[in-house]
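Here the structure is laid out as structure tokens; the discussion comes afterwards.
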Amino acid sequence: FWGHKLNQFGISSAKKYYYLNCYNLRELLKKKYIFFAPSYQPERSTNPDGGIYYEHYYALSLISKNIPKNIIIIYKEHPKCFDKKFKNIIYRDLKYFKKIKDNLKNVYFVREDESSIKLIKHSIFTAGVNGSTGHESVFLKKRFLLFGNAQYENYPNIIKYKSIESIKEAMSNKIIKNYKKKFNKIFNGVSNLYIIRDYWRYNTKFRYGFNESFDYEKLKLNMSKD
């Protein structure tokens, strides 16, 4: 009971501090910026998939310290971060936001209900630790700097962070037009999603008392036609 109450208080404190330090998006859009989209935590996409970057501050600081002085970073918190029904405060608490504010002077917070699509469209490039922004950036023809691993890491325009040079590559914003060369890698990435799907298929009997019908070979055939 008291653990739950402490968690609720921690989320409220973090939210209050974050909102007090949010900037006007309209003014920030006048500047050159990189859009950093943090993922929800706790979730498998950040731990284990994010690797060492499950600690978002580490990924954010690598960008902050290795970009030109005339470029800022717009940080829009995940919509569910301050939701008391789901969030566990040990991941992004008050200390986390204060650490960003005190140490990364080129990072600007905006409210989590701002439009991600607008932020992606006007950015130099986008970045994050896995998350759906990677998918959205591809469709909006923006480069996405990926920290850690993701099923979509072989998609066109996804740059997986390996060194500071990866940041420079993302800033070039050259669009990869020849999608066919990467089709097999994309196919393998999507297939990995269905390895997880198969896990749940084999567990439905145990969990729910019935078997689910699922034709994996037919799925692959349809994907190859696409």
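Subtracting the Cα-Cα distance from 0.36 nm times the residue separation, let me have the gained length for residue 65 to residue 132 in nm, one decimal. Net length gain for the segment: 21.6 nm. Of the chymotrypsin sites (Phe, Trp or Tyr not before Pro) found in the stretch 59-155, the ones in coil according to DSSP and having at most 16 other Cβ atoms within 10 Å of their Cβ are 86. Computed from the alpha carbon positions, the gyration tensor of the stretch 1-113 leads to an equivalent ellipsoid with semi-axes of 25, 17, 12 Å, biggest first.
Taking a ≥ b ≥ c as the square roots of the Cα gyration tensor eigenvalues, the stretch 74-116 comes out oblate, since a/c reaches at least 1.5 and a/b does not exceed b/c. In this structure, the residue pairs whose Cα-Cα separation is over 32 Å, taken from 99/142; 5/30; 101/121, are 5/30. A simple spin-label model places pseudo-atoms 7 Å from Cα toward Cβ; at residue 32 and residue 95 they are separated by 3.6 nm.
Accessible surface ranking for 77, 114, 1.4 angstrom probe, highest first: 114, 77.
Taking the Cα centre of the stretch 1-64 as origin and assigning +1 to Lys and Arg Cβ atoms and -1 to Asp and Glu Cβ atoms, the resulting dipole is close to 360 debye.
Here the stretch 1-155 exposes an accessible surface that is 54 percent carbon and sulfur, computed with a 1.4 Å probe and the other protein chains kept in place.
The values are calculated or read from the model by the stated rules, or taken from the named source; none is laboratory data. The structure displayed is predicted, hence computed values, not measured ones. Neighbour counts are summed over all protein chains in view; Cβ atoms, including those assigned to glycine, are modelled from backbone coordinates with ideal geometry. Remember, those area values only see protein heavy atoms, side chains included, never the ligands or the DNA or RNA. Shrake-Rupley method; radii C 1.70, N 1.55, O 1.52, S 1.80 Å.
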